[in-house]
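These notes concern the structure reproduced below.
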Amino acid sequence: MQKLRLLTILMMLPILSLTTFTSASASADEIMTNVETYPILEGVEIPKVEYVDPSETVQASSANSGATFTFTGDGWGHRVGMSQYGALGMAKEGKSYEQILKHYYTGINLRKDANSSVKVILNPEQTFTLTPNGDFKLLNEDDGLEVSFKDSIEFSQDSNKEAVAKIDNTILTSTKGFTLIPNKQQDSNYTTVSKVRHGSSNVTADYRGSFYIQPDDQRLSLINELDIEDYLKGVVPSEMPASWGTEHLEALKAQAVAARTYAKRIANGRYLDDDVSNQVYRGKSLEHANSNKAVKETQGVVAVHNNRLIDAVFHSSSGGHTENSENVWGGTFDYLKAVDDRYDSNTSTHHGWSVTVANETIAHAVFGSKDYMVSDIKITKRTDALSVQEVVVTAKHKTSGKEVKETLPKPIASGQRLPDRLRSQMGVSLKSIKFDIERNDIFTDVTNTTSGYDEIMFLYDRGVISGFSDNSFKPNQTIDRIQTARMLDRELNLSVPPSSYQLKATDVPKDRDYYELFRKMEYHGIMTGNNGKMNPGEDLKRAQMAIVLTRAFNLTKPSNTSYQYADINRSTYSETSLDAIDTIAYHGITTEYGKDKSFRPNESTSRVMFSRFMTRAIDESFR
């Protein structure tokens, strides 16, 4: 049976698994457990994707975690075929279920098909109990003989992969399994299953129809066979809140036809799953008078195109416009075309959703490592219905500074890029592919109007600066020599000096976390100190800034090039400092300071000032 189940799953198109949500229009105990179905796209592989509730904001844990990105959008689901909220909106305007279906499925017709049965795979615990209510008989499939029982029957699988039935104190085994079937088809017949999986829980639930209990590779398989109309009674209220039918039954009737059409097309010689892999089926336990009425009043009605059953896919909310199937999965269907959906806009609670995602979450999802810092996410392709088709994510390695780019959605095994996979490829579940992206300010005191913003962001993206623990950058605070050394080391990725090299500066204790930092600075000739001292906690002066930048980035100038500054006497000023100041002026990193043409060499350097000059030393485009 396990092989059969695998084959069945491979033959069926998987459905996106999505966390349940309570509809605003439903009562507290009515829950939409599956907000979309997917079609069978021949030749197109659509992998199953696990989703979490996108209303939960994912925040970066600290300033050095990187910029967060906020996704805002409309709709919930793949936005192909019928919108459930749109169906509700049309029903509120007095539209019939036929009009609803023909609005969302282009060029279809409705017909009435003969009754049929379906077989559904249930997911019980390893040991489970069936309690028939009504007139049933139990058969041993090894010999076809009837087995006597009174009440409940406990089933399990032994180490020989045989089905075991425990009836009172009697143990029966069967290599082929057992069958529990009603003697007569009566509406009052049903069976209680304990325990069976519904979503993430194991519950006791009631089901109509017959049951096949068959040995499998690891555990028993439990197959529920029943009339498709009875099956739909357990599907429709699982897919759409039954309370909608109290005043707007036409919406539930449209759902019933879509679910019937979808099931009949898939169930042609195949088993159905009872969860989001196909349609959620909760059996008799979830039946409701409203949804039962919708099923009864549309009995046998299916949707066809060119006289063939359609893939009657549906979703929760279109966000105001449905989408062409080819712009979501890569497969073209004449009846799955984008249509305006103002009805959804008038009823749906899933417009204007938002989720903020941590930088490292995106980096790990896209690049497979949190060692990258995401600097940009750009939407590069959209459809007329505003569905995102392509996104380019740019990041830099935190250590090497190497820039990488990834185009999403990533291709599947066949090489196709399926836009719907964008919903899960950035480390968080997006409700739909109708979205926008905004990069958020990294620091609380730096916005895009802050002087030096571009240079600060440039260094941040390279992993050079990270800010303080309170998520601030403090741009106007003076920068000390320790902070300067850290920034230079992060950019240059300096090699560690040999263990034999001893730091000459005497004012840097070995037990300080910056000892190795200054050992690097001194060894590589970037910071050499003064009179045997590194003065690690002192502010970096502007003349010192010029010196460390020229040394760190190997900046030179023609020997005959010099500049005049109002506050520097070239005949008496330090030749080393003067040469460094002239060099950074030659490279356009700085010239004079203010209108008085002074350089102010002994003035302390601010954090934003050093960020500007260091950025210009790295990248000429900033000069």
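The values are calculated or read from the model by the stated rules, or taken from the named source; none is laboratory data. Just so it is clear, the structure is predicted and the values come from calculations on it, not from any experiment. Neighbour counts are summed over all protein chains in view; Cβ atoms, including those assigned to glycine, are modelled from backbone coordinates with ideal geometry. Each accessible area value is taken on the protein alone, full model and side chains, heavy atoms only, with ligands, DNA and RNA left out. Shrake-Rupley method; radii C 1.70, N 1.55, O 1.52, S 1.80 Å.
Please list the non-local residues whose amide H lies under 5 Å from the amide H of V147, H modeled 1.01 Å from N, same-chain partners needing a gap of 5 or more.
Counting only residues 5 or more places away or on other chains, the set is L138, L139, N140.
How tilted is helix 2-11 with respect to the longest principal axis of the chain? Cα atoms for both, answer in degrees (0 to 90, nearest 10).
Helix 2-11 sits at roughly 70 degrees to that axis.
Calculate the tail of P(r) for the chain: the fraction of all Cα-Cα distances greater than 41 Å, expressed in %.
When all Cα pairs of the chain are counted, 46 percent exceed 41 Å.
Of L540, Y573, L494, which is farthest on the positive side of the dipole of the chain, counting Cα position, with +1 on Lys and Arg Cβ, -1 on Asp and Glu Cβ, and the Cα centre as origin?
Result: Y573, furthest along the dipole toward the positive end.
List the GluC sites (Glu not before Pro) in the stretch 236-333 that DSSP assigns to loop (not H, G, I, E or B) and whose Cβ has at most 15 other Cβ atoms within 10 Å. Which are they?
In loop regions of the stretch 236-333 (DSSP not H, G, I, E or B), the sparsely surrounded GluC sites (Glu not before Pro) are E247.
Take D384, D275, D334 and sort them by solvent-accessible surface of the protein heavy atoms, 1.4 Å probe, largest at the top.
D384, D334, D275
Can you give me the relative contact order of the stretch 479-620 as a percent, contacts being Cα pairs under 8 Å and 6 or more apart?
It rounds to 26 percent for the stretch 479-620.
About its Cα centre, how strong a charge dipole does the stretch 295-342 have in debye, to the nearest 20, once Lys and Arg get +1 and Asp and Glu get -1 at the Cβ?
Rounded to the nearest 20 debye, it is 160 debye.
Using the Karplus curve 6.51 cos²θ - 1.76 cosθ + 1.60 with θ = phi - 60°, work out ³J(HN,Hα) for each residue of the stretch 601-608 in order, rounded to whole Hz, and write x for Gly and Pro.
Result, ordered by residue: x, 9, 7, 5, 8, 7, 5, 6 Hz.
With an 8 Å Cα cut-off and a minimum separation of 6 or more residues, compute the relative contact order for the stretch 174-286 in percent.
25 percent
Relative to the longest principal axis of the C-alpha atoms of the chain, give the angle of the C-alpha long axis of helix 249-266, reported between 0 and 90° and rounded to the nearest 10°.
So the helix axis and the longest Cα principal axis differ by about 90 degrees.
Using a probe radius of 1.4 Å on heavy atoms only, what accessible surface per residue do you get for the stretch 270-406? Whole Å² is fine.
38 Å²
Give the relative contact order (percent, whole number) for the chain; include only Cα pairs under 8 Å separated by 6+ residues.
17 percent
With a ≥ b ≥ c taken as the square roots of the eigenvalues of the C-alpha gyration tensor of the stretch 536-623, please select rounded if a/c is under 1.5 and otherwise prolate if a/b is larger than b/c or oblate if it is not?
rounded
What order do L232, L494 take when sorted by accessible area (1.4 Å probe), most exposed first?
L494, L232
About the Cα centre of the chain, what is the dipole size in debye to 20, counting +1 per Lys and Arg Cβ and -1 per Asp and Glu Cβ, all else neutral?
1340 debye
How big is the charge dipole of the stretch 346-483 about its Cα centre, in debye rounded to the nearest 20, if each Lys and Arg gets +1 on its Cβ and each Asp and Glu gets -1 on its Cβ?
It comes to approximately 540 debye.
Please work out how much accessible surface H315 shows to a 1.4 Å probe, ignoring ligands, DNA and RNA, in Å² rounded to 10.
In the full protein context, H315 sits at about 0 Å².
Please list, in order along the stretch 313-330, the HN-Hα scalar couplings obtained from phi with the Karplus expression 6.51 cos²θ - 1.76 cosθ + 1.60 (θ = phi - 60°), rounded to whole Hz, x for Gly and Pro.
6, 8, 8, 6, 9, 7, x, x, 6, 7, 10, 5, 4, 5, 8, 10, 10, x
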